[in-house]
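Student: A single structure is presented below for examination.
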Amino acid sequence: MVGSSLPGPAPAPLFTWEKRLEPSRVMAVIVPVIAVILALGVGAIFLAATGFNPLKVYQSMLYGVIGSKYGLSETVVKAIPLMLAGLGVSVAFRMLLWNIGAEGQFYMGAFGASFVALTFPNLPAYIMLPAMFVAGIAMGGLWAVLPALPKARWGVNEVITTLMLNYVAILWVDYQVYGPWKDPKGFNFPLTAPFSKAAILPTIAGTRIHLGLIFALLAAIMLTIILWRTRWGYEIRVIGESPRAARYAGIKIERNIILVMLLSGALAGLAGMSEVAGITHRLQHGISPGYGYTAIIIAWLAKLHPATIILVSFLFSGLIVGGYSVQTSGVPAATVSMLQGAILFFVLGGEILTRYRLHFGRKEGK
Amino acid sequence: MRKGWRFILVLLLALMVAVAAAGCSGQKPAGNSQSGEKPAAGEQAKDEKFKVAFIYVGPVGDAGWTWAHDQGRKYLAEKLPWVDANTYMESVPEGADAERVLTELAEKGNKVIFATSFGYMDYVIKVAEKYPDVVFLHCSGYKTAKNVGTYFGAMEEPRYLSGMVAGKMTQSNILGYVAAHPIPEVIRGINAFTLGARSVNPNVKVKVVWTNTWYDPAAEKQAALRLLDAGADVIAQHQDTPGPQQAAQERGKYGIGYNSDMRQFAPNANLTSPIWNWGPYYVKTVEAVKNGTWKSEDYYGTMKDGIVDLGPFSDKVPQEVRDLVNQKKQEIIDGKFYVFQGPIKDQSGKVRVPEGQKMSHEDVLGFNWFVEGVEGEIPK
């Protein structure tokens, strides 16, 4: 027996939903935690049903993520692009700008940085890296401003335009790596030549953790300051709460659309730059396995909070890294995707509890 | 607020039930299956076994490339009882993730690691430097080190034969070829297929579509449909799944599979498939490493060695065609016929390999031009 939802008709419902005036803070913290545990519970049942020992599987997952210095460092490595892209989309979402284009902005950032690295291979590091940095954020920002302009001017739906530009960016990078930028020694495989030493971000000794981590942490701090300590951030938040009120207050929405998208794209572009300069050391086909899309989920799970985005990025990175480790205990890759899906399902499903209150029995006053 | 807490309490209770349930069912596999119950003892025994691991670019259920390698892994486990070949990692992208996965496998005490896709090459070399005691074998690449060998096979031989089948069976004289990446391995296959087809039917043209992916069932199928739209009536493929075969079946046309016998996936379309048979190589190599006789090499097996072969014909292929193909197969095995033997012209009609000459092995491995009869472009 299941209770009907929505304040409803006849036979007294088992429980009813009531909208909260303020989203519950307690629930906002507790729900995701419980959701993850519930998801693991469901996953455990599934694993057990398919003949695996769930405890062992989770153990090997956890071990892969935090069980060794190497695993831990790799989790950090994987979290870096997620953090930057997640921070990027979150600032747009806060203004109710649906930037679905972080994937494309990531690719263009990677493209911009690679352009510098491949065109001027002899620059010294102290010029090369800043130049790549600037090129990365410029290209990412540009790619986000392209859909922002028609949005600001004519109200063109940015969901469609940012999404479509992803494909353009990916194909543009493919064109480069299959065509003009292909490594002459690469036997036609879609890779550029490796970057020169000067174009490689410094790493923590013995790991692949690169300077991008600092970029991401600084970006989170910067966003926090912008959003809660500056007039611009105040405007962004007001527009996000109520565009009409913002317009009354004399806030220039059009200008903010462009500026916020620029910032949003720049951060995703920086993610692309730090991935090529920090990890792959060359541009290649499929440089992002969907970081830009995962970033959207991360931003929402983190309720668009910069500090929380950093944390949630680690969680997701752990899921991805641990997902591979689990395979060594014989679990197929598809099961891992299923687990990841279950976690999202519960967390997003639990969202409702932060915005609605559940009443058991009859609703009072009716 | 009190209501809120009550609800949390309920949730917590539900959670405890769930965990308890999970815990109980978690015991089950350990409880009732012997192999699960023994982990403590079993694991120790396992540790003494010689550990071998595989990394795959697709899922083991792709029915093609990865599946064929995984058959090889199972064959290895069956033939050599002292080997623990239970570890494999599937769907590992050819990028930054590969380095972590390789490192993890080396860390876990694997003595031999087979990396079964071209794009793992640089990561294999990088990780191998850090683990000099682990032997890495990289499929289809060209970089070796003291503890890194490469292995591959002369797929051009069965490809040539499958081209003969296609050339005999086509009516439109247009063959379609769904191709993954424009790298020498794939180009070599297209050329062999085309040479085979034109050896029995000089009017044949081979149209090529690149998908830029090894594994993407939907994209592979789409590409095949485009070729069928363009008039092709036999679809060949250098892809990891039977998607292109299924496209041919939908349109009532023929298909030539790849990697494994693909008849079951498109019984009305599939004529035959050039196939891989990795098992014996895996056994031989692991034995050599164990005995200390292994040395880094570029292994390139042939049809004679059995690592490649032409799979069974479907009943659509008439006896005369089978006879013709089988005769050529014997010539190849006997060393009387070489696929890339002059005269071979390129797409512009220029003679690239003069009559009476053979292409060198190096040139074959680095193939970057199409032979006459191929309609398509290699991105430059």
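Student: I'm checking my understanding of the structure. Among residues of segment A:180-206 that are in a loop (DSSP other than H, G, I, E, B) and aliphatic (A, V, I, L, M), which one is nearest to the chain's Cα centre (by Cα)? Please lay out each step first, then the result.
Tutor: So the first thing to find is which residues in segment A:180-206 are in a loop (DSSP other than H, G, I, E, B), and the list is A:180-181, A:183-190, A:193-196, A:200-202, A:204-206.
The next check asks that each one be aliphatic (A, V, I, L, M); those that pass are A:193, A:200-201, A:204-205.
On the way: A:ALA193: 28, A:ILE200: 24, A:LEU201: 22, A:ILE204: 24, A:ALA205: 27 Å.
The qualifying residue nearest to the chain's Cα centre (by Cα) is A:LEU201.
Student: May I pose another question? Which of the residues spanning segment A:320-342 are in contact with a Phe, Trp or Tyr (Cβ under 9 Å, 6 or more places away or on another chain) and of a type in the set (A, V, I, L, M)?
Tutor: Our first condition is that a residue be in contact with a Phe, Trp or Tyr (Cβ under 9 Å, 6 or more places away or on another chain); within segment A:320-342, this holds for A:322, A:325-331, A:333, A:335-336, A:338-340, A:342.
Correct list: A:VAL326, A:VAL331, A:ALA333, A:VAL336, A:MET338, A:LEU339, A:ALA342.
Student: Do we have any residue at all in segment B:192-201 that's buried (at least 24 other Cβ atoms within 10 Å of the Cβ), in contact with an Asp or Glu (Cβ under 6 Å, 6 or more places away or on another chain) and modelled with pLDDT of 95 or more?
Tutor: Checked against the condition, which is being buried (at least 24 other Cβ atoms within 10 Å of the Cβ), in contact with an Asp or Glu (Cβ under 6 Å, 6 or more places away or on another chain) and modelled with pLDDT of 95 or more, segment B:192-201 yields at least one hit.
Student: Can you tell me which residue within segment A:168-178, out of those that are within 25 Å of A:ILE137 (Cβ to Cβ) and within 13 Å of chain B (Cβ to nearest Cβ), is surrounded by the most Cβ atoms within 10 Å (Cβ to Cβ)? Before you say what the answer is, go through the steps one by one.
Tutor: Of segment A:168-178, the ones within 25 Å of A:ILE137 (Cβ to Cβ) are A:168-177.
Within this subset, residues satisfying the condition of being within 13 Å of chain B (Cβ to nearest Cβ) are A:170-171, A:173-177.
Numbers: A:ILE170: 20, A:LEU171: 14, A:VAL173: 27, A:ASP174: 17, A:TYR175: 12, A:GLN176: 19, A:VAL177: 25.
My answer is A:VAL173.
Student: Something else: Against the conditions (1) out of contact with any strand residue (DSSP E or B) (no Cβ under 7 Å at 6 or more places or on another chain); (2) of a type in the set (Lys, Arg); (3) under 24 Å from B:ASN203 (Cβ atoms), where does B:LYS336 fall short? Just the number, please.
Tutor: For B:LYS336, the exception is condition (3).
Student: Which condition breaks for B:LYS111 when tested against (1) over 24 Å from B:ALA68 (Cβ atoms); (2) touching a residue at least 12 places away in the same chain (Cβ under 8 Å)?
Tutor: Every condition holds for B:LYS111 apart from (1).
Student: Hey, another quick one. For segment B:160-176, does any single residue satisfy the condition of being within 16 Å of the chain's Cα centre (by Cα), in a strand (DSSP E or B), surrounded by 23 or more Cβ atoms within 10 Å (Cβ to Cβ) and more than 14 Å from chain A (Cβ to nearest Cβ)? Walk me through it before giving the result.
Tutor: Restricting attention to segment B:160-176, the residues satisfying the condition of being within 16 Å of the chain's Cα centre (by Cα) are none.
There is no residue in segment B:160-176 that is within 16 Å of the chain's Cα centre (by Cα), in a strand (DSSP E or B), surrounded by 23 or more Cβ atoms within 10 Å (Cβ to Cβ) and more than 14 Å from chain A (Cβ to nearest Cβ).
Student: Turning to a different aspect of this structure: Quick check on this structure: which one of A:PHE52, A:PHE115, A:PHE111, A:PHE106 is assigned to a helix (DSSP H, G or I), over 30 Å from A:ILE225 (Cα atoms) and of a type in the set (Phe, Trp, Tyr)? Outline the logic, then answer.
Tutor: Values: A:PHE52 fails: assigned to a helix (DSSP H, G or I); A:PHE111 fails: over 30 Å from A:ILE225 (Cα atoms); A:PHE106 fails: over 30 Å from A:ILE225 (Cα atoms).
The conditions single out A:PHE115.
Student: Give me the residue from segment B:128-148 that is among the small types (Gly, Ala, Ser) and surrounded by fewer than 23 Cβ atoms within 10 Å (Cβ to Cβ) and, out of that set, nearest to B:ILE183 (Cα to Cα).
Tutor: The qualifying residue nearest to B:ILE183 (Cα to Cα) is B:SER140.
Student: Looking at segment A:332-346, which of its residues are within 19 Å of the chain's Cα centre (by Cα) and either among the aromatic types (Phe, Trp, Tyr) or more than 13 Å from A:VAL42 (Cα to Cα) (or both)?
Tutor: Of everything in segment A:332-346, those that are within 19 Å of the chain's Cα centre (by Cα) and either among the aromatic types (Phe, Trp, Tyr) or more than 13 Å from A:VAL42 (Cα to Cα) (or both) turn out to be A:SER337, A:PHE345, A:PHE346.
Student: Follow-up. Across segment B:98-114, what is the number of residues that are facing chain A (nearest Cβ under 7 Å) and within 15 Å of A:ALA333 (Cα to Cα)?
Tutor: Here the count works out to 1.
Student: Which members of segment B:206-216 meet the condition of being more than 13 Å from B:ALA180 (Cβ to Cβ) and crowded, with 19+ Cβ neighbours inside 10 Å? Working first, answer last.
Tutor: From segment B:206-216, those more than 13 Å from B:ALA180 (Cβ to Cβ) are B:206-207; that's our starting set.
If the condition is that a residue be more than 13 Å from B:ALA180 (Cβ to Cβ) and crowded, with 19+ Cβ neighbours inside 10 Å, then B:VAL206 is the only one that fits.
Student: Does segment B:285-324 hold any residues that are under 30 Å from B:LYS146 (Cα atoms), of a type in the set (Val, Ile, Thr) and in a loop (DSSP other than H, G, I, E, B), and which are they?
Tutor: Let us first name the residues in segment B:285-324 that are under 30 Å from B:LYS146 (Cα atoms), namely B:285-308.
When the remaining residues are screened for being of a type in the set (Val, Ile, Thr), the result is B:285-286, B:289, B:293, B:302, B:307-308.
Within segment B:285-324, B:THR293, B:THR302, B:ILE307 meet the criteria.
Yes/no per residue for (1) free of Cβ contacts under 8 Å to residues at least 60 places away in the same chain; (2) within 14 Å of chain B (Cβ to nearest Cβ):
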residue: A:ALA144; (1), (2): no, no
residue: A:ALA152; (1), (2): no, no
residue: A:GLY155; (1), (2): yes, no
residue: A:PHE195; (1), (2): no, yes
residue: A:ILE200; (1), (2): no, yes
residue: A:ALA219; (1), (2): no, no
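Student: Starting from segment B:314-343, take each residue that is surrounded by 12 or more Cβ atoms within 10 Å (Cβ to Cβ) and list its partners that are assigned to a helix (DSSP H, G or I) and of a type in the set (Ser, Thr, Tyr), counting only C-beta distances under 9 angstrom and pairs at least six apart or across chains.
Tutor: Matching pairs, first to second residue: B:VAL325/B:SER162; B:LYS328/B:TYR160; B:LYS328/B:SER199; B:ILE332/B:TYR160; B:PHE337/B:TYR160; B:VAL339/B:TYR160.
Student: Looking only at residues in segment A:61-103 that are touching a Gly at 6+ places or on another chain (Cβ under 7 Å), assigned to a helix (DSSP H, G or I) and farther than 19 Å from A:LEU315 by Cβ, which one is farthest from the other protein chains (Cβ to nearest Cβ)?
Tutor: Applying the filter and picking the extreme gives A:ARG94.
Student: Continuing with this model, one more query. Could you please find all residues in segment A:20-39 being over 10 Å from A:VAL347 (Cα atoms), of a type in the set (A, V, I, L, M, F, W, C) and more than 8 Å from chain B (Cβ to nearest Cβ)?
Tutor: The answer is A:LEU21, A:ALA28, A:VAL29.
Student: Further question: Can you tell me which residues in segment B:62-97 are in a strand (DSSP E or B) and farther than 20 Å from A:VAL331 by Cβ? Explain how you work it out, then say what you get.
Tutor: Start the filter on segment B:62-97 by keeping residues that are in a strand (DSSP E or B), which leaves B:83-89.
Selection gives B:VAL83 alone.
Student: Shifting gears a bit: Checking B:ALA145 against (1) in contact with a strand residue (DSSP E or B) (Cβ under 6 Å, 6 or more places away or on another chain); (2) farther than 15 Å from B:PHE118 by Cβ; (3) more than 14 Å from chain A (Cβ to nearest Cβ), which single condition isn't satisfied?
Tutor: For B:ALA145, the exception is condition (1).
Student: Within segment B:126-143, how many residues turn out to be over 23 Å from the mean Cα position of the chain (by Cα) and small (Gly, Ala, Ser)?
Tutor: Adding up the residues that qualify gives 0.
Student: If I filter segment B:345-363 for residues that are closer than 30 Å to B:LYS253 by Cα, surrounded by 14 or more Cβ atoms within 10 Å (Cβ to Cβ) and of a type outside the set (Asp, Glu), do I get at least one hit?
Tutor: The answer is yes, given that some residue of segment B:345-363 is closer than 30 Å to B:LYS253 by Cα, surrounded by 14 or more Cβ atoms within 10 Å (Cβ to Cβ) and of a type outside the set (Asp, Glu).
Student: In this structure, does A:VAL42 turn out to be β-branched (Val, Ile, Thr), over 21 Å from B:ALA96 (Cα atoms), within 14 Å of another protein chain (Cβ to nearest Cβ) and without any contact (Cβ under 8 Å) to a residue 12 or more places away in the chain? Steps first, answer last, please.
Tutor: On the way: β-branched (Val, Ile, Thr): yes; over 21 Å from B:ALA96 (Cα atoms): yes; within 14 Å of another protein chain (Cβ to nearest Cβ): yes; without any contact (Cβ under 8 Å) to a residue 12 or more places away in the chain: no.
Here the answer is no, as A:VAL42 does not meet what is asked.
Student: A follow-up question, please. For segment B:235-261, which residues satisfy the criterion of being within 13 Å of the chain's Cα centre (by Cα) and not polar (S, T, N, Q)? It would help to see each step written out before you state the result.
Tutor: Keep residues of segment B:235-261 that are within 13 Å of the chain's Cα centre (by Cα), which gives B:237-242, B:257-261.
Within segment B:235-261, B:HIS238, B:ASP240, B:PRO242, B:GLY257, B:TYR258, B:ASP261 qualify.
Student: Would a scan of segment A:290-305 turn up a residue that is within 13 Å of another protein chain (Cβ to nearest Cβ) and more than 16 Å from A:VAL31 (Cβ to Cβ)?
Tutor: Initially, segment A:290-305 is screened for residues within 13 Å of another protein chain (Cβ to nearest Cβ), giving A:290-291.
Now restrict to residues that are more than 16 Å from A:VAL31 (Cβ to Cβ): A:290-291.
Checked segment A:290-305: at least one residue is within 13 Å of another protein chain (Cβ to nearest Cβ) and more than 16 Å from A:VAL31 (Cβ to Cβ).
Student: At pLDDT 55 or above, more than 7 Å from every other protein chain (Cβ to nearest Cβ) and more than 32 Å from the chain's Cα centre (by Cα): which single residue out of B:ARG6, B:ARG73 fits that description? Break it down into steps so the answer makes sense when it comes.
Tutor: On the way: B:ARG73 fails: more than 32 Å from the chain's Cα centre (by Cα).
Exactly one residue qualifies, and that residue is B:ARG6.
Student: Could you tell me which residue of segment B:149-159 is farthest from A:GLY186 (Cα to Cα), considering only residues that are away from chain A (no Cβ under 14 Å) and in contact with a Gly (Cβ under 9 Å, 6 or more places away or on another chain)? Before the answer, list the steps.
Tutor: Filtering segment B:149-159 down to residues away from chain A (no Cβ under 14 Å) leaves B:149, B:151, B:153-159.
Imposing the further condition that a residue be in contact with a Gly (Cβ under 9 Å, 6 or more places away or on another chain) reduces the set to B:151, B:153-156, B:158-159.
On the way: B:TYR151: 18, B:GLY153: 20, B:ALA154: 21, B:MET155: 21, B:GLU156: 21, B:PRO158: 26, B:ARG159: 24 Å.
For segment B:149-159, the residue satisfying everything is B:PRO158.
Student: Hey, which of the helices (runs of 4 or more DSSP H) in segment A:207-319, taking only ones fully inside, have at least 3 residues that are crowded, with 23+ Cβ neighbours inside 10 Å and at pLDDT below 95? Please lay out each step first, then the result.
Tutor: Working: elements: A:212-229, A:231-241, A:243-248, A:253-275, A:291-301.
Those helices (runs of 4 or more DSSP H) span A:291-301.
Student: If A:ALA342 meets every condition in (1) touching a Gly at 6+ places or on another chain (Cβ under 7 Å); (2) surrounded by fewer than 23 Cβ atoms within 10 Å (Cβ to Cβ); (3) away from chain B (no Cβ under 14 Å) apart from one, which number is that one?
Tutor: With (1) touching a Gly at 6+ places or on another chain (Cβ under 7 Å); (2) surrounded by fewer than 23 Cβ atoms within 10 Å (Cβ to Cβ); (3) away from chain B (no Cβ under 14 Å) applied to A:ALA342, the lone miss is (3).
Student: Considering only residues that are under 14 Å from A:TRP143 (Cα atoms), among the aliphatic types (A, V, I, L, M) and within 14 Å of chain B (Cβ to nearest Cβ), which ones fall in segment A:240-287?
Tutor: Once the filter is applied, which keeps residues that are under 14 Å from A:TRP143 (Cα atoms), among the aliphatic types (A, V, I, L, M) and within 14 Å of chain B (Cβ to nearest Cβ), segment A:240-287 yields only A:ALA271.
The values are calculated or read from the model by the stated rules, or taken from the named source; none is laboratory data. Note that the structure is predicted; figures quoted are calculated from it, not measured. Ideal geometry is used to build each Cβ from the backbone, glycine not excepted, and the neighbour counts take in all protein chains shown.
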